[in-house]
Structure formats: C-alpha cells, structure tokens
Amino acid sequence: MRLLPLNKSNPSYLNKSIISVFMSIFILMAAASFPSFAQESSKEEVSIPLNQDEIYDNLKLFGEVFDRIRAEYVDVPDEQELIRAAIDGMLTSLDPHSAYLTPKSYNDMMQDTSGKFGGLGIQVTMEDGLVKIVSPIDDTPASRAGLLANDLIIKLDDKQVKGMTLDDAVTIMKGAIGTKIVLTIIREGVTEPIEYEITRDIISVSAARWYIEQDVGVLRLTQFSGQAFTGIEKGIKAIFEERDNVAPLGLILDLRNNPGGLVDQAVFVADAFLDKGVIVLTRGRTERESSRYEAKADDLDRLISDIPLIVLINGGSASSSEILAGALQDQKRATLVGTRSFGKGTVQNIIDLGNGDGAMRLTTSRYYTPSNRSIQALGIAPDIEIFQNVPDELKGKDTIINEAELEGSIDSEKNTQEEDENKETDVGSSVYVPSDKTKDTQLNYAIDLILGKETNEAFPPKAE
C-alpha cells in the first residue's frame, strides 16, 4: 500500500487521497464490522447502523485526523504502522478475539497451527496491559523453569511489557533455538518480582500423550493443532497394542487447560468417539457462516464404541475443547468430570488480506452443541463436579477468569431460566492440575468411577 507524500498547500487533495486509500480497507470490512458494532458494542444499548452518507462522513473525519498526525506529530510517524494500528483498533473493539494480524504474526500463526514452533511453551493472554500466563505447555522450557498459570509477565529482557500488544510480546518470546530470554514476572502472594532465564527450544506440541493407569487408558490432548486427530488415533491404537489388543476397562480423555485450536480437528476427534449424530453447529449472520457437522461410522469408533469414556475439563478448557466435550456430553457418549469450562463459543475466520498485508481474524459465528446449547460465555458444566486439592500457597490463585469476564466479550445466549440464574457462569473455574498424578483428584476420581469403586455415582450413566 502506497500513500501520497504530504502536500501542505493542498490538504483537500490529500484528504481525498487518504480517504480513497482507506475506503479500500473499510469497504472490505464494512459489511462485517459496522453491523457488528451495532450488535455487540454495548451490553446495554444497541446502536443504529450507519447509513452510506454517515460512513463516508466518518471516513472523511478519519482522513483528516490521519493528515494532522502526518503533518504535525512531533516525530515523523510510520504511516504503515498507523494504518495497521487503525485496522487493529477497529477489529479489537468488536470482541476479545477479533484482531489484525501483521504479516509476521500471520506467518507465526500459520506455523503454530502446524504444532511446531520455536519459543518458550506458554499459552498467554492480556490482562491490564500485561501478559498473563494461562498455562505452561507440558514438557517445555516454560514448564520446566517453573512458570505458573496466572503469572503476570512485566518485562521481556529489558523491555517493559506495558504498552505492548500481545502479538508484540509473543514475537519477542519466540526466537532462535538455543537463545536465552529473561522473563520478569509478578506472582500473587510473592512480594518481589521473580526473574526466569529461559532457553528457547523447539516447541513441538505433542498433540496427544497416552498411558495406562490401572487398566484404564488415559489420553491427554493439549491443544487442537493439525496433529490432534492423528495423535488421538495413535494413542488409542497404542493402548490396545500395549494390552495385546485387549480393550481397556475404560478411556479418559483429558482436555484440562486445552485452549482449543483448529475446529476441524475437534470435529475429527469427536468423530473418533461417535458413529452418528451431530457434533457441532455454527450459526452466523450469513448462510456461509452457518454449518452442521455430523459423525460417521468408521473402524476407529467401532473399535472403542463399547468402552466407557470420561472427559476431564476445567477452567482452561476452551473453544475446540468445549466443542468436543459438548458433543460427547450431549450424545451421551461420555461423562464429563471436573469444573466448568472457559466459555469461548465463537468462531473466528482468518481472512488473508493479500499483497503481503497480513490477515484479519474476525468473529463470524457462534458454536452450538448438538442439543442446541450455546457455549459462549457460559461454558460446559461437567456432569460431576470435582475440585482439586489446591496447595495452600496457590489457593485463590488457581482460578482464571472466563470468557464472560473478558472486556468486550460477546454476550451469552442463556439457554434456560436455570442457567440464567446460575451465578457460576459469571466467574471462572480452577485451572490447577497437579503434576503428581497421585494427587490429581479429578483424574483419580475418573479412574475410580470406571473401576466401579465407591464414588456414589453410577457409571456409565443411563441415557435419558
């Protein structure tokens, strides 16, 4: 994108030039962005969409502001960065998940979804201008160093995080394999900031890990990268092979602290456990953004169709994790154990802007479970609520806010009066999972439930 040089003697000419440039940007997104402002910009008021003349008037105002910045700002501004910041501001004002992706961040995202990247191995979000750790990824430099969920990163090497975008911070944390970075964090209950020097490594996020515990197969799915279904398929087959092709007494699918990822992978994994029926529905403003995914019978689900299944969820289970958990719960294929999930029930499309200009991540629809439940800002409630025994030093620090508490989050669609009155949907739930399996209350409860030990619960549950 090329802008004309500043011409102080003819500002009206410049305005027309700037407006023409920005028209190409705004018209590209007008159908999505302006009505979305009207729909979601306020929890209490609904704005009236702008008409064509009002849109042009506002674009003229934008061009005038841009001119004044170029002409009068104390230093010569980076015009491309100004444009990108304006686009990002427009998108981020919609909801917490819409954003502009610079060419670099777009490329990084495409690499991340492959399941391999160079970095530290933490899942992060922004809170009060700081980078907040949602969860360290298992067996990565971050988890080995001792970083914890809810830690707030205040400095990256000698750079203050305050004022950075999340993408900026993530870019700094990524880097060449073997290079070091110092993270300065503040932790609730600790008076002084803590410094961690961490060596970057290849973060090859194993889509799935598996093991056998007391004749029960346990499948741990950490995120929905492009390797998720393949990992689950390999895990199931490996469990059978380890038992000389004798079926385990049950399977546990651990989705705790799984932040989501690729929707198609959630559908594929659900299909591995289901032989028919709806997996997930999506509904947007257009027919193109509305879809229905159904399971089909295959050799894998026939192999495990009679094996009891428990799914573990908690406050860190989000997005694709909730699609999978909701499908298995609604289809009566699994019993959900743990605490309420995060509540991210919206679909984001990545739209390549072409010409090397990056991409936009735009929320285009909502997820619904097979029984037509909306996940957004409500999450998935477990069938059996089981809490962890949180160590004293972490009590009160193990809970992460959920989707409903994110600034600018899209409203929930309450499904029943009972849910409307359920205060629990407005707070987050625990993300604590002990590294010592013997102390993992939720996991051990699930194992006992499958083995028929005293849990005061009937398993498998009877279909209604």
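The values are calculated or read from the model by the stated rules, or taken from the named source; none is laboratory data. Keep in mind it's a predicted model, so treat the numbers as computed, not measured. In this analysis, Cβ positions are derived from the backbone assuming ideal geometry, glycine residues included, and neighbour counts consider all displayed protein chains.
I'm checking my understanding of the structure. Among residues of the range 301-329 that are outside any loop (DSSP other than H, G, I, E, B) and acidic (Asp, Glu), which one is surrounded by the fewest Cβ atoms within 10 Å (Cβ to Cβ)?
Let us first name the residues in the range 301-329 that are outside any loop (DSSP other than H, G, I, E, B), namely 301-304, 309-313, 320-329.
Remaining after also requiring acidic (Asp, Glu): 301, 322.
Details: Asp301: 19, Glu322: 30.
The qualifying residue surrounded by the fewest Cβ atoms within 10 Å (Cβ to Cβ) is Asp301.
Quick check on the range 365-380: of everything there that is touching a helix residue (DSSP H, G or I) at 6+ places or on another chain (Cβ under 8 Å) and not in a loop (DSSP other than H, G, I, E, B), which residue is farthest from Asn349 (Cα to Cα)?
Of the range 365-380, the ones touching a helix residue (DSSP H, G or I) at 6+ places or on another chain (Cβ under 8 Å) are 365, 367, 369-371, 373, 375-380.
Filter once more, keeping what is not in a loop (DSSP other than H, G, I, E, B): 365, 367.
On the way: Ser365: 9, Tyr367: 13 Å.
Applying the filter and picking the extreme gives Tyr367.
If only residues of the range 239-286 that are assigned to a loop (DSSP other than H, G, I, E, B), of a type in the set (S, T, N, Q) and at negative phi are counted, the one that is surrounded by the most Cβ atoms within 10 Å (Cβ to Cβ) is Asn258. Being assigned to a helix (DSSP H, G or I), on the phi < 0 side of the Ramachandran plot and under 25 Å from the mean Cα position of the chain (by Cα): is that true of Gly226 here? When the stated conditions are applied, Gly226 does not pass them. Scanning the range 308-361 for residues that are within 23 Å of Val134 (Cβ to Cβ) and either of a type in the set (D, E, K, R) or in contact with a His (Cβ under 7 Å, 6 or more places away or on another chain) (or both) yields a total of 6. Hey, any hits in the range 442-463 for a residue that's at pLDDT 85 or above, more than 22 Å from Ser143 (Cβ to Cβ), under 25 Å from the mean Cα position of the chain (by Cα) and surrounded by fewer than 19 Cβ atoms within 10 Å (Cβ to Cβ)? No.
Where in the range 141-220 are there strands (runs of 3 or more DSSP E), lying wholly inside it, with at least 2 residues that are more than 30 Å from Glu81 (Cα to Cα) and not hydrophobic (A, V, I, L, M, F, W, C)? Explain how you work it out, then say what you get.
Numbers: elements: 152-156, 180-186, 194-199, 201-204, 208-213.
Hits in the range 141-220: 194-199, 201-204, 208-213.
Applying the condition of being outside any loop (DSSP other than H, G, I, E, B) and surrounded by 21 or more Cβ atoms within 10 Å (Cβ to Cβ) to the range 330-346 and asking which residue is nearest to the chain's Cα centre (by Cα) yields Thr346. Only residues that are touching a strand residue (DSSP E or B) at 6+ places or on another chain (Cβ under 9 Å), part of a loop (DSSP other than H, G, I, E, B) and at pLDDT 70 or above were counted across the range 419-439, and they come to 5. Here Arg144 qualifies as surrounded by fewer than 20 Cβ atoms within 10 Å (Cβ to Cβ), free of Cβ contacts under 8 Å to residues at least 12 places away in the same chain and closer than 23 Å to Arg256 by Cα.
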